[in-house]
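Asker: Let me begin by handing over the structure; questions about it come next.
Read-outs throughout are calculated quantities, based only on the coordinates presented, and are distinct from any laboratory measurement. Fair warning: this is a prediction, and the values are worked out from it, not measured in the lab. Neighbour counts run over all protein chains shown; Cβ positions are idealised from the backbone, glycine included.
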Amino acid sequence: CRHYAVMEECASALKHRKLPHQVRKNAGDFKPNADTIKVLTMHSCKDLEFPVEALMGVAQMPASENSEQEEGRLFCVASTRATHKLLITISGKAQFGGQLHI
């Protein structure tokens, strides 16, 4: 997810549906090999890989404090964590996401 707020929304929805998941707030409490849905920010996904990835919050990019170039690099890092399938969600105004040609 792009921001903590979106991450918390995702975790809440997973909990409501009783789906096993873990939220990565810091490295010490994260078990990457556990059979759960991982919920983390784009910043914290660096150096990790997942067979299937759903990338949330692209419509909120760029964040007001970051340049489009910085957000582009972050998007690149986040979108290359998937080893087999990548799902990108875009809703709302989608400033950054509107530029994607998929």
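Asker: Let me have the 222 nm mean residue ellipticity of the chain computed from DSSP H runs of 4+ only, each contributing -39500 (n - 2.57), with the sum over all residues rounded to the nearest 500.
Answerer: Rounded to the nearest 500, it is -7500 deg cm²/dmol.
Asker: Related question: Please report the net charge: other residues with Cβ closer than 12 Å to the Cβ of residue 55, K and R +1, D and E -1.
Answerer: +2
Asker: Separate question: Taking residue 46 as the anchor, which lysines have their alpha carbon closer than 18 Å to its alpha carbon, excluding any fewer than eight residues away along the same chain?
Answerer: Within the straight-line limit of under 18 Å, residue 46 reaches these lysines: 25, 31, 38, 85.
Asker: If one takes the longest principal axis of the Cα atoms in the chain, at what angle in degrees, from 0 to 90 and to the nearest 10, does the Cα axis of helix 68-79 lie?
Answerer: That works out to roughly 30 degrees.
Asker: How high is the FRET efficiency from residue 5 to residue 33, r the C-beta distance, R0 30 Å, rounded to 0.05?
Answerer: It comes to 0.65.
Asker: Would you kindly state how much longer the chain becomes between residue 17 and residue 67 on full extension, computed as 0.36 nm times their sequence separation minus their alpha carbon distance, in nm to one decimal?
Answerer: Result for the pair: 14.4 nm of gain on full extension.
Asker: Tell me the angle of helix 4-16 to the major Cα principal axis of the chain, expressed in degrees between 0 and 90 and rounded to the nearest ten.
Answerer: Taking the Cα atoms of the chain, the angle to 4-16 is about 40 degrees.
Asker: Which residue, 50, 30, 75, tops the fluctuation ranking in a GNM of the chain built on C-alpha contacts under 10 Å?
Answerer: Between 50, 30, 75, it is 30 that shows the largest mean-square fluctuation.
Asker: Among 28, 72, 57, which one shows the highest mean-square fluctuation when the chain is modelled as a Gaussian network with alpha-carbon springs under 10 Å?
Answerer: 28
Asker: Same structure again: In debye, nearest 20: dipole of the chain around its Cα centre with unit charges on the Cβ of K, R (+) and D, E (-)?
Answerer: The calculation lands at about 360 debye.
Asker: In whole angstrom, how far apart do the alpha carbon centroids of the stretch 44-88 and the stretch 1-42 sit?
Answerer: Taking the Cα centre of each part, the stretch 44-88 and the stretch 1-42 sit 15 Å apart.
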